[in-house]
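Take a look at the structure below.
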Amino acid sequence: MSNPWNNRRPSVRPPRATPPAPAAERSGGGGPPIRGSDELRLYGVNAVLTMFAQRPQSLRKLYLAEAMIPRLQPLLKWCVANRVGYRVVGEGDLNKLAATTHHEGVVVDVLKREPLSLAAWLSAVEEGPVLALWLDGVGNPHNFGAILRTAAHFGVGAILLPGDSPLALSGAAARVAEGGAEFVPLVRLPALPQAVAQLRDAGFGLAATLVEGGDNVFTAALPERMVYVMGAEGEGMDREFAQGCDLRLSIPGSGAVESLNVASATAVFLGSWYSRQFRR
């Protein structure tokens, strides 16, 4: 049986695409090629190129459209030098691999990065202004991706995830993040009382974000070490939890719409904090 992976040095001129192996050969069952449980499938040009720039050693497999060969030459040469398999495949195969048409001509399998513990993150966090996001019930991968992109832009120190949260980085979230997922670590929290105590011991204030009834985020005094707690897309954050936070903040507006979605609201909250901590 011929090796379906192309490990030859890529030509400067695009080679003829290698016909994909039969589905049974690729996956053993007719679906996309099987990947290990420790791997994540990413797609989208910016997500893939940023991952490659930050942690190339995590790359395990690469699939690309023929038209992407010139743009991905550095990645292909790295694959050849490091014996990482790559394949030039058709649009239909890329659609199946990514389970979407929004792959932009490239799909990769990479090693997952496991979330840090809160204690590990706090032990490494720098002195001075630090902002973190606690996602209390956010689940939509596109909202998560948009939050990651905004968080990277504003230099957020971490995304904090409750211990029972199913939220994790996915290919869809990474594509929407446009590379931002590589710059914001995920942190898995212990039980609520312990998490709050550890954060406060490290000098962080917790700010509940409310659709209404909170202090004006644009005029409220915001601590330099702060955690914004963002609630679920529909229900908002837990009210009892909100009452136990150090601040309760809202975004004032015209009232023409009921509220902003969680990704848009996150951008406003992050920008408000950043503008006060890093005035130029």
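The values are calculated or read from the model by the stated rules, or taken from the named source; none is laboratory data. This structure is a prediction, so every number in the text was calculated from the model and none was measured. Here the Cβ positions follow ideal geometry from the backbone for every residue, glycine too, while neighbour counts run over all protein chains shown. Accessible surface is based on the protein model in full, side chains and every heavy atom, while ligands, DNA and RNA are left aside. Shrake-Rupley method; radii C 1.70, N 1.55, O 1.52, S 1.80 Å.
Residues in region 137-157 that are surrounded by fewer than 20 Cβ atoms within 10 Å (Cβ to Cβ), small (Gly, Ala, Ser) and not in a helix (DSSP H, G or I): 137, 139, 155.
For region 77-130, residues that are assigned to a loop (DSSP other than H, G, I, E, B), among the β-branched types (Val, Ile, Thr), more than 27 Å from residue 156 (Cβ to Cβ) and open to solvent by 20 Å² or more (accessible area, probe 1.4 Å) total 1.
Within the option set 206, 148, being closer than 21 Å to residue 232 by Cα and within 17 Å of the chain's Cα centre (by Cα) holds for one residue only, 148. None of 36, 44 is at pLDDT below 95 and either surrounded by 15 or more Cβ atoms within 10 Å (Cβ to Cβ) or within 19 Å of residue 174 (Cα to Cα) (or both) except 36. Yes or no: region 230-244 includes at least one residue that is open to solvent by less than 30 Å² (accessible area, probe 1.4 Å) and at pLDDT 95 or above. The answer is no; no qualifying residue exists. Please verify whether region 171-187 includes one or more residues that are over 24 Å from residue 242 (Cβ atoms) and at pLDDT below 95. No.
Residue by residue, here is whether (1) more than 15 Å from residue 272 (Cα to Cα); (2) among the aromatic types (Phe, Trp, Tyr) holds:
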residue: 209; (1), (2): no, no
residue: 212; (1), (2): yes, no
residue: 218; (1), (2): no, yes
residue: 223; (1), (2): no, no
residue: 227; (1), (2): no, no
residue: 244; (1), (2): yes, no
residue: 247; (1), (2): no, no
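Looking only at residues in region 177-189 that are over 8 Å from the mean Cα position of the chain (by Cα) and among the aliphatic types (A, V, I, L, M), the one that is nearest to residue 150 (Cα to Cα) is 186. Assessment of region 166-182 against the conditions (closer than 19 Å to residue 122 by Cβ and assigned to a loop (DSSP other than H, G, I, E, B)) yields no matching residue.
Please identify the pairs in which a residue from region 98-119 that is in contact (Cβ under 8 Å) with a residue 12 or more places away in the chain has its Cβ atom under 8 Å from the Cβ atom of a residue that is hydroxyl-bearing (Ser, Thr, Tyr) and surrounded by fewer than 21 Cβ atoms within 10 Å (Cβ to Cβ), counting only partners at least 6 apart or on another chain. Here the result reads 110/58; 111/58; 113/58, each pair linking region 98-119 to a residue that is hydroxyl-bearing (Ser, Thr, Tyr) and surrounded by fewer than 21 Cβ atoms within 10 Å (Cβ to Cβ). Within region 201-222, if we keep just the residues that are in contact (Cβ under 8 Å) with a residue 24 or more places away in the chain and not in a loop (DSSP other than H, G, I, E, B), the residue that is surrounded by the fewest Cβ atoms within 10 Å (Cβ to Cβ) turns out to be 216. Pairs meeting the criteria (first residue in region 179-195 and within 27 Å of residue 110 (Cα to Cα), second residue among the β-branched types (Val, Ile, Thr) and at pLDDT 95 or above, beta carbons under 6 Å, at least 6 apart or on different chains) are 179/50; 182/50; 184/156; 184/159; 186/159.
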